[in-house]
Every structure is written in C-alpha cells, then in structure tokens.
Amino acid sequence: MTSTDYDVTIIGAGPSGTVAACLLMQHGLSVCLVERDEFPRFSIGESLLPQSMEFLGKANMLDALLDNADALGFQFKNGAAFYRSGHHTNFNFEEKFSDGPGTTYQVKRAEFDNLLAQEAVKQGAKILFGQQVTGFKSDENATYLNIIDLKTKQENTISAKFTLDGSGFGRVLPRLLDLEEPSELTPRKAVFTHFKDNIDNSQFDRNKILITVHPTIPDIWYWAIPFSDSTISVGVVGETAQIERADQTLEQTLLDFIHADDNLSTLLADAQIIAPVRTIGGYSANVKALHGNKFALLGNAGEFLDPVFSSGVTIALKSAVQATELVVKQLQGETIDWQTQYEEPLREGIEVFKYFVNSWYDTSLQSVIFFADGQPDVKAMVCSILAGYAWDKSNPFVKNTKRGLKILEQICEPDNNDSVA
C-alpha cells in the first residue's frame with residue numbers, strides 16, 4: 001500500500017470522532033482528527049443515554065468522565081420524566097429490560113466534548129483544531145483530505161488509508177460528495193438556552209431529563225435538562241411555523257412557550273437566563289449511503305433524527321464502535337461488505353428510534369408513555385429503548401417495534417388501565 005500520513009483520518013473531534021480514534025489506537029493505528037472549531041465550543045445534545053456509557057467504556061474513556069463529572073457540573077441521570085397537562089410519569093432506566101448500564105449523565109457539551117478530545121490526545125491521537133475540510137477524494141491507494149487553516153489560510157493535504165466522517169451537523173462528506181437526501185421526518189425547529197434555575201421544589205428530580213408536552217398542541221414539546229451546578233438547559237421544539245415568531249426575539253418566544261405550561265412556568269418562576277438564546281432548524285437529515293470507497297460516515301454526519309429521545313450521541317457512539325471494528329479488519333487485509341456489515345445493522349437501531357420519534361409526534365407513543373404504569377413488563381421494554389438499547393433484539397419492541405407499540409398503545413388506553421382513575 002502506498003505510504004500515507006496516517007492510518008486513519010477523522011473529520012470532527014466530537015464524541016463519535018474521539019471515541020473512534022481511541023478504539024482505532026487500541027489496535028496500534030495512527031489517527032489524525034481534523035476539527036473546524038477551537039475547543040471548548042458550544043453544542044446541543046446534552047442528555048446522554050445509558051447505552052453510551054458502554055461505548056465510552058470500550059474506548060477507555062469512561063474513567064475520564066466519572067473522574068471529572070462533578071467538577072464540570074455534569075448531572076447524574078437515572079431516567080426520564082414526562083409531564084402533560086397535570087399528568088406526571090417517569091421511566092427509571094435501572095428498571096429497563098436490557099442488560100447494560102442503567103445510569104449516565106446530563107452534560108454540558110462544550111466541557112464534555114473537550115474532555116473526550118483531551119482524553120483522545122492522551123491516548124495518542126493528533127487533533128488539528130481550526131482546520132476546515134475543503135475537499136476529499138479517494139483512490140485504490142488512499143484517501144486525501146484538503147484542509148485550510150482558518151487563521152493562517154494555509155492549505156494542506158493529509159493522506160490516510162481510510163477516512164471516517166464524524167463532523168456531525170457539519171456533514172462534511174455528504175456535502176462534498178453529494179450524498180445528502182431529505183429526511184423522512186417533518187422539518188422542525190428548536191429554541192433553547194441555559195438558565196440559572198433557582199428551582200426550590202422537592203418534587204423536581206434533577207436526576208432525570210424532564211420532557212413536557214405543550215398543554216394544547218401535542219406535537220410541541222419542551223426539554224428541561226438539569227445540571228449539578230443549579231443550571232438547566234431548556235428548549236422548545238415544534239414545526240417551524242409553530243415556533244417562529246417574526247415579531248418577537250428568540251428570548252421572548254422561548255419565555256412565552258414556557259409560560260404556557262403550568263408546570264414549567266412554576267418550576268422556572270425564579271430562573272434567570274445565563275446564555276444566548278439559540279435556535280436550530282432543519283436538523284433532521286439523511287444520506288444516500290453511509291459508506292463509500294475507503295470512507296464511512298459516523299453519527300449525525302449520516303443521519304440525525306430528532307432531539308426528543310436524546311438518541312444523537314448514542315447513535316454516534318454506536319456507529320463509531322461498529323465502523324472502527326470494520327476499519328481495523330479492512331486494514332488488516334479482510335474484505336468488508338460495508339453495506340451488510342455496517343450500514344444495515346446500524347440502521348436497524350436507527351429505525352427503532354425513528355419509529356419512536358414519529359409515534360411521539362402523532363401522539364400514539366404519548367399514550368404509551370403516560371399510561372404504561374399498569375404494564376410493568378412492557379414498560380421495561382420501552383424503557384430499554386428510551387435508555388438507548390435500540391439494537392437489543394432480545395427486546396420484542398426492538399425486534400418488531402411497529403407491532404409492539406400498536407399492541408401496547410391499545411393496552412395503555414386510559415379506559416383499559418386501572419391505574420388511571
């Protein structure tokens with residue numbers, strides 16, 4: 001094989017990129033990550049799922065998270081709480097159906113991503129910050145990344161035996177290689193910020209993300225993600241036309257939505273905004289393929305669904321684990337069918353999450369969420385998927401998601417559930 005600068009180049013130093021780097025280096029491979037931004041930098045996606053802890057463990061990065069969680073303000077997380085018009089319910093991830101970790105953290109992504117990047121460097125990776133990828137090509141010998149230093153404007157080319165794209169919403173290779181496709185999901189928009197929450201309510205469980213359904217528009221929802229330093233991330237999500245307010249600032253739009261819900265408005269009555277109010281829209285995306293000649297796409301660079309069940313980081317880390325196993329085998333001389341060995345297995349779990357997302361917005365899953373307490377066995381199976389275990393085929397709701405949820409929806413109708421009275 002032609003000599004290259006590195007065994008593997010990775011676009012992006014977010015969670016998928018850094019986990020992939022550490023997994024590759026366990027096999028003695030040289031890795032260079034190319035990152036457009038300087039770290040730490042803000043990112044959305046702050047509520048991890050327990051399945052992610054298993055993937056961080058594989059990459060020998062879990063100890064770094066556990067050792068630094070308190071100092072960085074990360075909040076221990078053991079489940080998800082839901083609220084809709086006076087009705088509270090929650091899912092305890094330690095009571096899930098699947099084996100594996102049942103707890104995780106709610107993290108500030110600037111600090112979390114920076115922590116993982118530092119750990120990757122400690123393990124031997126090279127990270128080039130402030131570098132934008134402007135071109136990519138691959139041939140029978142190598143891959144070639146054209147990059148430009150955003151400060152000096154100096155251009156360079158880096159060659160490798162394989163390239164992984166972990167660029168997230170930047171979606172570098174899909175844009176450069178015309179791989180993008182419209183998402184099947186309805187375009188939606190989020191408005192969000194961080195508060196000093198000043199919450200003094202013994203009923204509020206900081207160990208859980210709180211997902212709230214709008215009191216009158218059931219396909220609009222809110223997230224509230226507490227951190228251990230008495231701050232909280234709050235956002236509202238809905239179709240673009242439902243969220244946009246041409247005559248209002250983003251701050252006023254967010255506050256108006258918060259005030260529309262009795263529970264959130266009470267919890268955040270004394271809260272103070274401490275960060276810019278941001279918005280993101282059109283985030284759901286898909287691609288024609290997750291792989292090509294000597295490259296593969298990781299996580300959000302391939303497909304991003306929706307923030308409602310916090311699946312983004314879990315999918316990203318799952319893709320990193322699956323892809324790196326195949327990269328190692330290919331570089332050792334094995335023939336890899338990336339379609340059947342990577343894309344199809346990865347998409348199986350993505351499709352489970354996607355069905356949950358669609359079912360949430362058409363409100364059928366909301367019926368399950370709010371009325372499943374009388375069905376502890378099936379609630380545990382649903383809980384597993386909410387905890388990230390969307391690839392566990394021993395779970396009937398993974399093996400046949402559509403049929404399982406339809407049956408559960410019928411079982412959990414209020415008239416059929418003695419716990420709702």
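The values are calculated or read from the model by the stated rules, or taken from the named source; none is laboratory data. Please read these numbers as outputs of a predicted model, since none were measured by experiment. Quick reminder, even Gly has a Cβ in these numbers, built from the backbone with ideal geometry, and neighbours come from all protein chains shown. Note: areas computed on protein heavy atoms with side chains; ligands, DNA, RNA excluded. Shrake-Rupley method; radii C 1.70, N 1.55, O 1.52, S 1.80 Å.
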Worksheet, complete the sentence: With every protein chain kept in place and a 1.4 Å probe, region 260-333 has an accessible area per residue in Å² of 33 Å²
Worksheet item: Could you state the number of Å between the C-alpha centres of region 112-154 and region 228-294?
Response: 30 Å
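Taking the Cβ of I127 as the center, what net charge do the other residues with Cβ under 15 Å away carry, scoring Lys and Arg +1 and Asp and Glu -1? Display every interim value, and only then the final one.
Numbers: positive: R36, R41, K122, K126; negative: D5, E35, D37, E38, D113, E119, D149.
My count for the surroundings of I127 gives -3.
Round to a whole number: what % of the accessible area of the chain belongs to carbon and sulfur, probe 1.4 Å? Mind showing how you got there, number by number?
Details: 7680 of 17120 Å².
Using a 1.4 Å probe with all protein chains present, the chain comes out at 45 percent carbon and sulfur.
What do you get when you divide the Cα radius of gyration of region 212-358 by 2.2 N^0.38 Å, with N the number of residues? Don't jump to the answer; show the numbers that get you there.
On the way: Rg = 19.7 Å, N = 147, 2.2 N^0.38 = 14.7 Å.
Here the answer is 1.34, to two decimals.
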Worksheet item: Quick one: what does P(r) look like for region 1-96 with 5 Å bins over all Cα pairs, in whole %?
Response: 2, 10, 15, 18, 18, 13, 9, 7, 4, 2, 1, 0, 0, 0
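Treating only the Cβ of Lys, Arg, Asp and Glu as charged (+1, +1, -1, -1), what charge dipole size does region 170-276 show about its Cα centre? Round to the nearest 20 debye. Intermediate values should be presented prior to the final figure.
On the way: 8 positive and 17 negative charges, 52 e Å.
Taking the Cα centre of region 170-276 as origin, the dipole is about 260 debye.
At 1.4 Å probe size, with every protein chain present, just tell me what the per residue accessible area of region 90-157 comes to in Å².
Details: 3430 Å² over 68 residues.
Heavy-atom SASA per residue in region 90-157 reads 50 Å².
What is the sum of charges around P187, taking Lys and Arg as +1, Asp and Glu as -1, for the other residues whose C-beta is under 13 Å from the C-beta of P187?
On the way: positive: R188, K189; negative: E184, D219, E239, E244, D306.
That sum, taken over residues with Cβ under 13 Å, equals -3.
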Worksheet item: What are the semi-axes of the equivalent ellipsoid for region 56-131, taken as the square roots of 5 times the Cα gyration tensor eigenvalues, largest first, in whole Å?
Response: 31, 16, 11
Practice prompt. Place +1 on the Cβ of every Lys and Arg and -1 on the Cβ of every Asp and Glu in the chain, take the dipole about the Cα centre, and give the residue among A20, P50, L177 whose Cα lies farthest towards its positive end.
Written response: L177
Worksheet item: If you place +1 on the Cβ of every Lys and Arg, -1 on the Cβ of every Asp and Glu, and leave all else neutral, what size is the dipole of region 1-122 about its Cα centre, to the nearest 20 Debye?
Response: 360 debye
Fill in: Cβ-based charge dipole, the chain, positive-most Cα from A390, V327, Y342
V327
Fill in: Net charge over other residues, Cβ less than 14 angstrom from the Cβ of V236 (K, R count +1; D, E count -1)
-3
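Using 31 Å as the Cα-Cα cut-off, could you pick out the over-long pairs in K208/K318; K126/K189; K58/K126; K153/K354?
Working: K208/K318 23 Å; K126/K189 35 Å; K58/K126 20 Å; K153/K354 41 Å.
Violating the 31 Å Cα-Cα cut-off are K126/K189; K153/K354.
Give me the percent relative contact order of the chain, please, defined on Cα pairs under 8 angstrom at least 6 residues apart.
On the way: 863 pairs, mean separation 86.9, N = 421.
Relative contact order of the chain: 21 percent.
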Fill in: Equivalent ellipsoid semi-axes, region 96-192, via Cα gyration tensor eigenvalues times 5, rooted, Å
29, 21, 17
Practice prompt. With unit charges on the beta carbon (Lys/Arg positive, Asp/Glu negative), name the residue among N198, T212, I11 whose Cα is farthest towards the positive pole of the charge dipole of the chain.
Written response: I11
Worksheet item: Whole-Å semi-axes of the chain's equivalent ellipsoid, largest first, each the root of 5 times a Cα gyration tensor eigenvalue?
Response: 36, 24, 20
Item to complete: Assign unit charges at the C-beta atoms only (+1 for Lys and Arg, -1 for Asp and Glu), then state the dipole size of the chain relative to its Cα centre in Debye, rounded to the nearest 20.
Response: 680 debye
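Summing -39500 (n - 2.57) over the DSSP H runs of n ≥ 4 in the chain and dividing by its residue number, what mean residue ellipticity at 222 nm do you reach, to the nearest 500 deg cm²/dmol?
On the way: 14 runs with 137 residues, N = 421.
Here the helix-only value at 222 nm equals -9500 deg cm²/dmol.
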